[in-house]
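Read through the structure below, which is laid out as structure tokens, and then see the notes.
Each value in this text was obtained by applying a stated rule to the coordinates, not by laboratory testing. As the structure is a prediction and not an experimental result, all values here were calculated from the model. Note that each Cβ is placed from the backbone with ideal geometry, even for glycine, and that neighbours are counted across all protein chains shown.
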């Protein structure tokens, strides 16, 4: 190690102010984190790409600094789906520091990893005060029945008004309108449930019927429209 002449000419002064790092909450314990392997927790975060045309929600379950589980959900850019699949292969088994410095291909996923890293190392995870944290597999609970992301897609214009295309319940089939042409309900298909039924051998028409539902004052509508055609 090289020192400048100014430092070499200085006399030595004692320093006993060494109290260690402040403890942070991790899975129900207060940990004085010194190494990357000292941190644990499950947390979520959002990232975005430079042109902001796409976003990524990333969920990590970290035990002793090692990523044991990751859930990657993307929206807005077709290229991100490829990046997400690669990141799901790359991230498990890496320390959070390795993952932070790994090119995960997509800006949005890299940004999400940066945001999660900050949450984890500062003790701001979702399981900071949950004793023992959450088991591996907890990330899938975000997806629910059929293991599909919770997605909401709506569209509107000043000239023609709003269109609901997909809500958390599922794919929108019909919009229900009142006498003032205002939306008062909708019918939907839960695609995850439908595909599960089809995979179990249920006929597609029957699976579609079982996975369909209605919301709001659907039955009281004056008229119904297909949001993708009308």
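Some points to look at:
- A straight chain from residue 75 to residue 5 at 0.36 nm per residue would run longer than the Cα-Cα distance by 19.6 nm.
- Computed E for residue 168/residue 30 - FRET, C-beta separation, R0 41 angstrom, nearest 0.05: 0.65
- FRET efficiency for residue 151 and residue 203, using Cβ-Cβ distance with R0 set to 30 Å, rounded to 0.05: 0.70
- Residues 184, 225, 96, arranged from fewest to most other Cβ atoms within 10 angstrom of their Cβ, appear as 225, 184, 96.
- Relative contact order of segment 23-142, pairs being alpha-carbon contacts under 8 Å that are 6 or more residues apart, as %: 35
- According to the Cα-based calculation, Rg over Rh for segment 1-45 is 1.28, with Rh computed by the Kirkwood formula.
- Rounded to the nearest 10 degrees, the inclination of helix 78-90 to the longest alpha-carbon principal axis of the chain is 50 degrees.
- Dividing the summed -39500 (n - 2.57) terms of all DSSP H runs of n ≥ 4 by the residue count of the chain sets its mean residue ellipticity at 222 nm at -6500 deg cm²/dmol.
- Segment residue 136..residue 225, full-extension length gain: 27.7 nm, with 0.36 nm per residue of separation and the alpha-carbon distance subtracted.
- Sequence-separation-based contact order of the chain, relative, with Cα cut under 8 Å and 6+ spacing, percent: 16
- The order of 66, 7, going from fewest to most other C-beta atoms within 10 Å of their C-beta, is 7, 66.
- In plain terms, the residue of 160, 229, 57, 210 with the fewest other Cβ atoms within 10 Å comes first and the most crowded comes last, giving 229, 160, 210, 57.
- Dimensionless Rg/Rh of segment 27-137 - Kirkwood Rh, Rg from C-alpha atoms: 0.98
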